[in-house]
Amino acid sequence: MGQRQQRVWIHAVLQPDACPDDVRRRPVTVTLENPQRAVSDRIRARLQTALAERGIDLAQPPSVPEAGEPHPALEAAQRRIPYAYRDAVADHPGVAAWVKEITRNAVAPNALSLQPNWGGRGRREITHGPSLLLWGSTGTGKTHQAYGAIRALTAAGCGVRWHTTTAADLYGELRPGQAADSELVLRHITRVPLLLLDDLGAAKCSEWTEEITLRLLNWRCQNRLPTLITSNLPPVRTPGTDPKQPVLRDRVGDRVLSRLSGMCQPFEFDGPDRRFAATG
């Protein structure tokens with residue numbers, strides 16, 4: 001390029017309006033001739049040799065294992081679930097169907113709810129639905145299925161605020177002198193959207209325990225709050241029941257049993273004790 005042409009190009013850049021039309025219409029192309037290498041051939045060869053010794057081939061793209069998306073609600077639930085049930089799966093047909101029904105009933109975005117102690121946020125909030133009474137011999141997987149249901153609801157994207165307790169622990173927590181405000185504690189447990197009440201009928205019974213159970217289940221029955229209840233006892237005595245076998249009706253009373261009948265879908269679990277099978 002001559003000196004006059006260079007001056008025209010510079011003038012066109014600094015003062016485009018003062019340049020001829022044919023100059024302004026010309027495309028500006030910049031070409032770098034003989035660009036400098038980032039590293040010399042000698043250093044490049046040394047790097048390739050060192051990487052080859054470690055089994056790294058630059059010609060092949062690195063394979064990065066796919067990681068699933070984090071699930072904050074399920075991770076928070078896992079921290080609260082007892083260690084023995086952190087892999088629990090709700091594979092019983094009745095329990096799995098219940099999970100689907102509760103999931104279908106879940107409504108309302110839960111984006112503004114910040115309750116890490118109750119399992120974290122989810123896309124939908126569970127509302128109302130039936131409850132389950134899982135009964136059968138000790139170690140047949142009732143509690144396993146209940147925790148599996150909680151995990152399944154959380155994994156399905158539901159914002160699940162839940163609480164778990166055994167009947168014995170419930171009575172112990174509410175016993176006079178144990179809680180600063182037993183009425184407030186009972187109200188809190190009664191109104192939690194999802195409750196797991198484990199081992200109903202296993203604790204020593206009295207008029208006081210029957211009253212606590214009635215108040216708890218009556219409110220949840222009237223408001224159709226999903227409740228998972230497990231028991232080692234059959235609900236009622238049938239013609240084939242062993243006369244020495246206690247039944248849930250004897251332990252909790254007719255009024256409580258009536259609420260259970262109105263709110264729960266019962267499922268019987270049988271078979272050997274899974275805990276013995278695991279240790280044997």
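The values are calculated or read from the model by the stated rules, or taken from the named source; none is laboratory data. Everything numeric in this text was worked out from a predicted model, so none of it was measured. As a convention, Cβ positions derive from the backbone with ideal geometry for all residues, glycine included, and neighbour counts pool all protein chains shown.
Mind checking whether some residue in the range 121-131 is modelled with pLDDT under 75, closer than 26 Å to D198 by Cβ and of a type outside the set (D, E, K, R)? Yes: the range 121-131 contains one or more residues that are modelled with pLDDT under 75, closer than 26 Å to D198 by Cβ and of a type outside the set (D, E, K, R). Filtering A146, A152 for residues that are within 13 Å of the chain's Cα centre (by Cα) and either among the aliphatic types (A, V, I, L, M) or not in a loop (DSSP other than H, G, I, E, B) (or both) leaves a single hit, A152. Test G139 against the criterion of being within 18 Å of A84 (Cα to Cα) and surrounded by fewer than 19 Cβ atoms within 10 Å (Cβ to Cβ), and give yes or no. For G139, the condition - within 18 Å of A84 (Cα to Cα) and surrounded by fewer than 19 Cβ atoms within 10 Å (Cβ to Cβ) - is met. The residues of the range 225-280 that are closer than 24 Å to P93 by Cα and of a type in the set (G, A, S), listed by number, are S231, S261, G262, G271, A277, A278. Of G240, G177, G201, all but one fail to be under 24 Å from G271 (Cβ atoms), in a loop (DSSP other than H, G, I, E, B) and out of contact with any Pro (no Cβ under 8 Å at 6 or more places or on another chain); the exception is G240. Consider R187 carefully, then state whether it is over 28 Å from the mean Cα position of the chain (by Cα) and surrounded by fewer than 19 Cβ atoms within 10 Å (Cβ to Cβ). So R187 fails the test.
Restricting the first member to the range 229-256 and to residues that are on the phi > 0 side of the Ramachandran plot, and the second to residues that are part of a loop (DSSP other than H, G, I, E, B), the beta-carbon pairs closer than 9 Å and six or more apart or on different chains are G253/C205. If the condition is being closer than 17 Å to F269 by Cβ and within 15 Å of the chain's Cα centre (by Cα), then the range 76-103 contributes Y85, A88, V89, A90, V99. Annotation: A202 fulfils all but one of (1) over 18 Å from W135 (Cα atoms); (2) surrounded by 15 or more Cβ atoms within 10 Å (Cβ to Cβ); (3) at pLDDT below 95; the unmet one is (1). Out of everything in the range 205-222 that is over 18 Å from L194 (Cβ atoms) and among the aliphatic types (A, V, I, L, M), what residue ends up being surrounded by the fewest Cβ atoms within 10 Å (Cβ to Cβ)? Residue satisfying both the conditions and the ranking: L214. So if I check each of L196, L260, L225, L217, which one is of a type in the set (A, V, I, L, M), closer than 27 Å to W98 by Cβ and in a strand (DSSP E or B)? The unique qualifying residue is L196.
Can you confirm whether the range 97-105 contains a residue that is in a loop (DSSP other than H, G, I, E, B) and either more than 21 Å from L134 (Cβ to Cβ) or modelled with pLDDT of 60 or more (or both)? No, every residue in the range 97-105 fails to be in a loop (DSSP other than H, G, I, E, B) and either more than 21 Å from L134 (Cβ to Cβ) or modelled with pLDDT of 60 or more (or both). I'm checking my understanding of the structure. Among residues of the range 223-252 that are more than 24 Å from D169 (Cβ to Cβ) and among the polar types (S, T, N, Q), which one is surrounded by the fewest Cβ atoms within 10 Å (Cβ to Cβ)? Per the criteria, the residue is T238.
Residues checked against (1) at pLDDT 65 or above; (2) closer than 23 Å to P226 by Cα; (3) surrounded by 13 or more Cβ atoms within 10 Å (Cβ to Cβ); (4) polar (S, T, N, Q):
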position: N34; (1), (2), (3), (4): no, no, no, yes
position: A45; (1), (2), (3), (4): yes, no, no, no
position: Q78; (1), (2), (3), (4): yes, yes, yes, yes
position: Y83; (1), (2), (3), (4): yes, no, no, no
position: G94; (1), (2), (3), (4): yes, yes, yes, no
position: L112; (1), (2), (3), (4): no, yes, no, no
position: G119; (1), (2), (3), (4): no, yes, yes, no
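Of everything in the range 132-161 that is in contact with a helix residue (DSSP H, G or I) (Cβ under 7 Å, 6 or more places away or on another chain) and at positive phi, the residue that is modelled with the lowest pLDDT is G139.
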